[in-house]
Amino acid sequence: MSAAALLSELRRRDIQVRIVGSELRCSAPAGALTPELRAQLQRHKNDVLELLSSAQAAAAQSHALVPLQRGGSRVPIYGVPGHNGDVFCYRALARALGSEQPFFGLQPPGLAGERRPFARVEDLAAYFAGQIRASGEQGPCIVAGFCAGGTVAFELARELARGGTAVRFLALFGAPYPVYFARRTELWSRLARQVERLGRHGRKLAAQSWHERQRYLAAELDERRARLDAERQRAADPVLARRALVERTTLSAVRRYRPRLFDGRVKLFLPGVQWQRSGVSALRWCALAAHAETYFGPDSADGADMLLEGHAGAFAALFRSAYGEPQ
């Protein structure tokens, strides 16, 4: 048994191993640390010390893992955010899941200006997998993905499984299938929104007097100018400029990604039945998994707000149900 495999087995038994000075210290439930495991630890002591020291050093330098909920003894969740890289999209959900559920957001490179963002989903998934392993996590975990981050999470789950890390399941929250982000689909969606907007303005103008129409058009012009000013300010702000680069690069990577089979469990959490009818093709993920389940949230939720305070509790309840264990 290798040192990595030994640490994985210890964690599976809820045995915590840490370094104190130059010695190993264990915290274990009664009877969990058997004489055989003690002998294995003694035999691999130097390798375990080296592995834990390297993991701690790498974790200290890591910017990818953002703890949203550190404590708890349940299988940890690693959440890939949407295309803008904001891991705090999971904050309300992590809080709703309770203090016993460890939850870490995975922040993509590029937001802090430390390097350019990855242009391929496979490279970003491999980076996240490396960061998870470098943190010392060897046992089972749950991978989550929100919106466009669901595509990255899908490949991350495959990457972790290939490397020997057990993925309890992959949780996709409002995650469209990659084809939804294609240029053609985006253009059609933009055109549909434009037609809907013009129709809405036309109906309002038709019901107004001449003076009301003038005021209405002047207000619309002011709003448009304000939007253009905000866009110019975002372009001039280095932090917002880096975020915009991460957004563009991630969406471009998702468009080019071609999902392959995942020999694991996928659980889809959709905002509502109506959302699925909007062309997101989320159910196509089910055809790629060895086992798939679908959970529908409240009809009042949509893809943008499903994990915010108003709906996080409902999706936390669905998640606990999908977990299949007392929470």
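The values are calculated or read from the model by the stated rules, or taken from the named source; none is laboratory data. The structure displayed is predicted, hence computed values, not measured ones. Quick reminder, even Gly has a Cβ in these numbers, built from the backbone with ideal geometry, and neighbours come from all protein chains shown. Keep in mind that these areas ignore ligands, DNA and RNA; they rest on the heavy atoms of the full protein, side chains included. Shrake-Rupley method; radii C 1.70, N 1.55, O 1.52, S 1.80 Å.
Return yes or no: is Val143 within 29 Å of Leu49 (Cα to Cα), open to solvent by less than 20 Å² (accessible area, probe 1.4 Å) and either out of contact with any helix residue (DSSP H, G or I) (no Cβ under 9 Å at 6 or more places or on another chain) or among the hydrophobic types (A, V, I, L, M, F, W, C) (or both)? Yes: the conditions hold for Val143.
Filtered by the rule that a residue be over 8 Å from the mean Cα position of the chain (by Cα) and either at pLDDT 95 or above or within 17 Å of Gln101 (Cβ to Cβ) (or both), the stretch 137-146 gives Glu137, Gly139, Pro140, Cys141, Ile142.
The set of residues in the stretch 276-285 that are open to solvent by less than 40 Å² (accessible area, probe 1.4 Å) and hydrophobic (A, V, I, L, M, F, W, C) comprises Val280, Ala282, Trp285. Just one of (1) modelled with pLDDT of 90 or more; (2) farther than 18 Å from Leu156 by Cβ; (3) assigned to a loop (DSSP other than H, G, I, E, B) fails for Arg95. It is (3).
For the residues Leu37, Leu10, Leu49, Leu6, the requirement of being open to solvent by less than 40 Å² (accessible area, probe 1.4 Å), touching a His at 6+ places or on another chain (Cβ under 9 Å) and either part of a helix (DSSP H, G or I) or at pLDDT below 75 (or both) singles out Leu6. Comparison of Leu228, Leu245 shows that the only residue that is out of contact with any strand residue (DSSP E or B) (no Cβ under 9 Å at 6 or more places or on another chain) and at pLDDT below 80 is Leu228. Going residue by residue through the stretch 241-257, is there one that turns out to be open to solvent by less than 30 Å² (accessible area, probe 1.4 Å), outside any helix (DSSP H, G or I) and of a type outside the set (A, V, I, L, M)? Yes - at least one qualifying residue is present in the stretch 241-257. Within the stretch 299-312, the set of residues being open to solvent by 40 Å² or more (accessible area, probe 1.4 Å) and modelled with pLDDT of 90 or more comprises just one member, Leu308.
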